[in-house]
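First comes the structure, then the notes that go with it.
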Amino acid sequence: MDTDRAEESGRHDGSTSAPLVDRRRFLAGSAALIAQGSATLVFGAAPADVTEGDPMRTPGSPARRYGDRSPFEAPVRLSGGSHSLTPLEHLHGIVTPSSLHFERHHNGVPAIDPLRHRLLIHGLVDRPLIFTIHELQRFPSVSRHAFIECAGNSRSGWQGAQDLTLQELHGLTSTSEWTGVKLSTLLEATGVRPEAAWMLAEGSDAAGLTRSVPLTGDVLSEAVVCYGQNGEALRPEQGYPLRLLLPGLEGNINVKWLRRLKLGTAPFMTRWETSKYTDLMPDGSAYQFSLVMEAKSVITNPCGRQQIHPGFHEIRGLAWSGRGRVRKVEVSLDAGGTWQEAQLQEPVISKCHTRFRFPWRWNGQEVILQSRCVDDTGYRQPSREALVKVRGVHSNYHYNGIQSWKIDRDGLVRNVDA
Amino acid sequence: MAWCETSMPKRWLLGVVLLLMASCVVPGRSNHEQAGALGLGRPATADDIRAWNIDANPSGEGLPVGQGTAAGGAAVYASKCARCHGPTGVEGPMDRLVGGRDTLASTSPVKTVGSYWPYATTLYDYIYRAMPFDAPQSLTVDEVYAVTAWLLHENGITEADTVIDARTLPQIPMPNRHGFVPDPRPDVPGP
């Protein structure tokens, strides 16, 4: 079995229906409410006796050392072992809570003691150096928001529409605020030989994952060696204690558990940039080092497998581009026949998820909703048809076709090719 | 970006060298003295580097002293790889390693070491660092060379008695060596 294909396809052996509430935490709550059953609770039918469970009549719980969400909140990642998917349909704004950031690892999440971890920078440098995490944190720091999207996100699109949820289809993208030291700052400390053009980045996981990073102007000005995520230390699944952030480039090259950077003259041609993450074309050739994640947008409300009712709905979605800022998002209510501009929520940040919205009233008739985006390079998100015409159906990675949601008269939302 | 549009790797190299020479692409380059003066990090010794410098690249750089042949590799494969990749490298259940030649342009492409991988050195690098999956970095250098030799032979690329070592491995002509093109995107017209 090609594990890579199975794991990034968005298909799962396990059940896809998460429990409405976390049972364990829920049981710790009010016994009176339990009697009502979880579904009623979540959707808020009032208890018969209005004083029962009235938060104004019982002192609340004391302060906690490390916070958790309300026991009434249930969205979870869907996990397939070596990957997990972000429940995009349940998120607000642009930041992905660290606990819900998607995961992809190639031989498990290592448990790393930060006191023992080191970063080695060597190869074509003037002064090979070894850093502790503490030393890296003493360097001048930077923070920025950026999305990270797995190159395999949305890959089932190559095969044609499957009747799945948004999370299953597109859940391998997430946004965090990342904090660390700029790669260029570290390279100033080591000095770089003029003939250096590529850099091998190596993780200290059981895959020993390695990728070659081209030392382009973009990379040198934007790459960050990160220790922080959304205000705290990186999560283990996100590379604790150290990862590389290459804004806009495919997830896999943002090497986690980073232990080594080696500068060289040419790409190192690791398995991860030859056997994998290369895009097979119909003529048998393959694109290599197709690192940028091209512009994409998806409507997150309403979306796949949801049930909606006639009346007002705010169409909401996310758009992003690995090349820069989202300039414009358009929404179609007639399967691409006509398009109207959606409103972009500030802040609109380069190489970051951008929230868009569009007010809409559903009249109960069959309808196909789509979104498409344009980034500030003028690149326009293509249709699936246009993508497949050029790249065929075997390229596996980097799918960014326009997503179509069909709503039937019964209000069920389904993924379709339109 | 320049590197996606030109042929690799010489044009990339040139572009990057030019960029590096233009001081504007390394922000704070004028602070070079200052950054150096932070005095953070310690010099890496030759021993430090040797302990971690495990990669091997297409030029052969990084390949250690040692050797192996397909005959020796058969035993390594049978005892340490076959249970996941199948007795002949075809059956799985994990990634198929053998066969698939001339299928890449077909309606059911089969990507394997033999049909798809452009460089033989990647085999050494990957097996040494990552295989067997449940015991990475447990093979000796000679075992890695031997099982690499076996995989190349099973894929019809080398002879049974071809000696694989630091000198021969970079020269193995992989069938799909010229199958890759530098990223030509944007390649799809928008609406």
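The values are calculated or read from the model by the stated rules, or taken from the named source; none is laboratory data. Just so it is clear, the model here is predicted, and its values are computed rather than measured. Cβ sites come from the backbone with ideal geometry, for glycine too, and all protein chains shown count toward neighbours.
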Checklist (1) outside any loop (DSSP other than H, G, I, E, B); (2) within 11 Å of chain B (Cβ to nearest Cβ) applied to A:A207, failing item = (1)
If A:N252 passes every condition in (1) under 17 Å from A:C150 (Cα atoms); (2) within 12 Å of chain B (Cβ to nearest Cβ); (3) touching a residue at least 40 places away in the same chain (Cβ under 8 Å) but one, which one does it miss?
-> (2)
Just a yes or no: is a residue in region A:244-253 in contact with a Pro (Cβ under 9 Å, 6 or more places away or on another chain) and either modelled with pLDDT of 95 or more or in the same structural domain as A:E177 (by TED's automatic domain parsing) (or both)?
-> no
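Conditions tested, residue by residue: (1) more than 14 Å from every other protein chain (Cβ to nearest Cβ); (2) surrounded by fewer than 15 Cβ atoms within 10 Å (Cβ to Cβ).
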| position | (1), (2) |
| --- | --- |
| B:R42 | no, yes |
| B:A46 | no, yes |
| B:I49 | no, no |
| B:T69 | yes, no |
| B:A74 | yes, no |
| B:Y77 | yes, no |
| B:T88 | yes, yes |
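Among A:A197, A:A206, A:A189, which is the only one that is among the small types (G, A, S), modelled with pLDDT of 95 or more and closer than 20 Å to B:L38 by Cα?
After ruling out the rest, the residue left standing is A:A189.
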Considering each of A:G14, A:G80, A:G37, A:G44 in turn, give the residue that is surrounded by 13 or more Cβ atoms within 10 Å (Cβ to Cβ), of a type outside the set (F, W, Y) and modelled with pLDDT under 95.
-> A:G80
Just checking, how many residues over region B:119-168 are within 14 Å of chain A (Cβ to nearest Cβ), among the acidic types (D, E) and in contact (Cβ under 8 Å) with a residue 40 or more places away in the chain?
-> 1
Restricting region A:384-411 to residues that are small (G, A, S) and more than 11 Å from chain B (Cβ to nearest Cβ), the one surrounded by the fewest Cβ atoms within 10 Å (Cβ to Cβ) turns out to be A:G411
Which ones in region A:143-175 are in contact with a His (Cβ under 6 Å, 6 or more places away or on another chain), closer than 17 Å to A:L246 by Cα and of a type in the set (S, T, Y)?
-> A:S174, A:T175
Any idea which residue in region A:123-136 is farthest from the chain's Cα centre (by Cα), counting only those that are closer than 17 Å to A:S184 by Cβ, within 8 Å of chain B (Cβ to nearest Cβ) and assigned to a strand (DSSP E or B)?
-> A:L129
Could you count how many residues in region B:143-163 are in a loop (DSSP other than H, G, I, E, B), touching a helix residue (DSSP H, G or I) at 6+ places or on another chain (Cβ under 7 Å) and surrounded by 21 or more Cβ atoms within 10 Å (Cβ to Cβ)?
-> 1
Which of the residues belonging to region A:331-352 are without any contact (Cβ under 8 Å) to a residue 24 or more places away in the chain and either among the charged types (D, E, K, R) or not assigned by TED's automatic domain parsing to the domain that holds A:P302 (or both)?
-> A:E341, A:E346
Can you name the residue in region A:268-291 that is of a type in the set (S, T, Y) and in a loop (DSSP other than H, G, I, E, B) and, of all such residues, is nearest to the other protein chains (Cβ to nearest Cβ)?
-> A:S290
